[in-house]
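All remarks here apply to the structure that follows.
The values are calculated or read from the model by the stated rules, or taken from the named source; none is laboratory data. In this text the structure is predicted, and so the values were computed from the model without any measurement. Here the Cβ positions follow ideal geometry from the backbone for every residue, glycine too, while neighbour counts run over all protein chains shown. With ligands, DNA and RNA removed, areas are computed over all heavy atoms of the protein, side chains included. Shrake-Rupley method; radii C 1.70, N 1.55, O 1.52, S 1.80 Å.
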Amino acid sequence: MPACVALLRGINVGGHNKLPMADFRQLLEKLGCRDVKTYIQSGNAVFNVDDVDGLAERIADAIDRQFGFRPPVLIVGADELTRVASENPYADEDVEPKFIHIAFLLEPAVDANFERIHSLQGRNEQYELTDLAFYLLAPDGIARSKLAADVEKCLGVAATARNWRSVGKLQEMLDDLPD
């Protein structure tokens, strides 16, 4: 039974797209997920599941039916999350984890617009792009980052970002799942 993380984008933000985590856990269990645990209110869940194929679509459909909105859903396998975390080029930086964001990519960003990325990049910001993630170090704060706000358009692929602290917590939760 593979261990996975579901990352939802754009829920419980500014009073919009409300999805209580207790309801989200129940919804995942109805879809065959086991040992479901959620982390904070922004749509993070870890679980074991037998069938990953089409799971993101099934989750989005179920949320749409039950709550009336359809958030983008990204399913990340435990191995993939571990790889993304281990490849973080800023993991050893002496900054608060909230200043390091990792945008998990739905697919590799083969047509990324680097000219636009550079034009939006703050003078203190650093970034790195891999086939699985876009890493952004924004020591002046993510809220001030024009690049963070526009990263999907720059990359040309769907993505959802989490800060380094959240990625670490999700890794811990995956490690605690029963086999």
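Structure above, values below:
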item	result
Residue in the range 78-92 that is in a strand (DSSP E or B) and at pLDDT 95 or above present	no
Residue ID - nearest to the chain's Cα centre (by Cα), chosen from residues in the range 17-49 that are modelled with pLDDT of 95 or more and open to solvent by 60 Å² or more (accessible area, probe 1.4 Å)	37
Meets criteria (touching a residue at least 24 places away in the same chain (Cβ under 8 Å), closer than 21 Å to residue 158 by Cβ, open to solvent by less than 60 Å² (accessible area, probe 1.4 Å) and of a type outside the set (Gly, Ala, Ser)) for residue 106	no
Qualifying residue in the range 1-15 (condition: part of a loop (DSSP other than H, G, I, E, B), of a type outside the set (A, V, I, L, M), on the phi > 0 side of the Ramachandran plot and touching a His at 6+ places or on another chain (Cβ under 9 Å))	yes
The listed residue being part of a helix (DSSP H, G or I), open to solvent by less than 20 Å² (accessible area, probe 1.4 Å) and modelled with pLDDT of 95 or more, out of 136, 170	170
Tally of residues being of a type in the set (Val, Ile, Thr) and surrounded by fewer than 19 Cβ atoms within 10 Å (Cβ to Cβ) across the range 50-71	1
Residue in the range 110-122 that is closer than 17 Å to residue 167 by Cα, modelled with pLDDT of 95 or more and either in contact with an Asp or Glu (Cβ under 8 Å, 6 or more places away or on another chain) or not in a loop (DSSP other than H, G, I, E, B) (or both) present	no
Qualifying residue in the range 110-121 (condition: of a type in the set (S, T, N, Q), farther than 19 Å from residue 152 by Cα and surrounded by 13 or more Cβ atoms within 10 Å (Cβ to Cβ))	no
Residue in the range 150-158 that is basic (Lys, Arg), within 23 Å of residue 96 (Cβ to Cβ) and loosely packed, with under 15 Cβ neighbours inside 10 Å present	no
Near pairs, Cβ below 8 angstrom, 6+ apart or cross-chain, from the range 119-144 (within 17 Å of residue 98 (Cβ to Cβ)) to any residue that is open to solvent by 50 Å² or more (accessible area, probe 1.4 Å) and in a helix (DSSP H, G or I)	122/144; 122/146; 138/144; 142/98
